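Asks: Structure below; questions to follow.
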Amino acid sequence: MFEIVRYEGERRLKGSVALAVGLGALAAFFVGFFPSFSDVDLDSYVEGFPPAFREAFGIESIATIEGFLAVEVYQFVWLLLLGLYVAYSAARVVAADVETDRMDLLLSLPVSRARLVREKFLALFVPIVALNVVVPVIVYAAVIAIGEPIDPVDLLAVHLLSVPYLLACAAIGLVLSVLVDRADVASRLAIAGVFALFLIESITANAEGYEWVGAVSPTHYYDPTEILVQGTYDLTGAAVLLAATVVLVVVARVLFARADVGA
């Protein structure tokens, strides 16, 4: 049991730790710049941004370390770029093996297609967990180093609640991975899909009568700014993302069970 998870997870471990350390260093770099803005009225500067831009990146206040982190690290790097990365990675887990004919070998083993898809998806927990363990420690240490106060519970929550969001992005990539047998095409479609969903949520959030359209986007259910700045945790949103992840993984398993991959 879980041999595929173990094998795929070990392959991803070194790169995941390197990525986590790199993103942690980037976050620490941003934190290090915060004291230099102490004499600048950042909130007045932010008010000059277009409303759509402020809504897209959850900009409420960047005069506090919490608001600064929410905008510079979590709304852009974590929400957008990391969501795209996870979807990209997931879109290759099946398609790459099909494209290289490695899938024929895997399916010749005593393993069902459903188990194969499930365990390849579970292996994606490795980068997600690594990022959410390493980065908050580095961020908290950097914030303490510059002498700014931050609630460690809120910082922990912003990472814990990002797990359902990242899993949902991965599940989108997984469905595309079983639908498209070329890894590059599947990964590009995953990036385009998650980015399109991000834009849909951003555009419709303040569009009267169309707010419901944004509910199809994973970003609708995870807002780092609300967590860090307001101390508000959307547990219902996290539950919705987890439910959507389960549904998408089941869909991917059904689609792959019916796919013709020469096995």
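Asks: For segment 184-226, enumerate the residues that are at pLDDT below 90 and touching a Phe, Trp or Tyr at 6+ places or on another chain (Cβ under 6 Å).
Replies: THR204
Asks: Would you pick out the residues in segment 236-251 that are within 17 Å of the chain's Cα centre (by Cα) and farther than 19 Å from PHE125 by Cα?
Replies: GLY237
Asks: Please report, ordered by residue number, the helices (runs of 4 or more DSSP H) entirely within segment 1-111 with at least 1 residues that are more than 19 Å from the chain's Cα centre (by Cα) and at pLDDT 90 or above.
Replies: 3-33, 95-99
Asks: Tell me yes or no: at least one residue of segment 112-132 is surrounded by fewer than 16 Cβ atoms within 10 Å (Cβ to Cβ) and farther than 18 Å from ILE4 by Cβ.
Replies: no
The values are calculated or read from the model by the stated rules, or taken from the named source; none is laboratory data. Quick caveat, the model's predicted, so the values are computed rather than measured. So basically every Cβ, Gly included, is an ideal-geometry build from the backbone, and we count neighbours across all protein chains shown.
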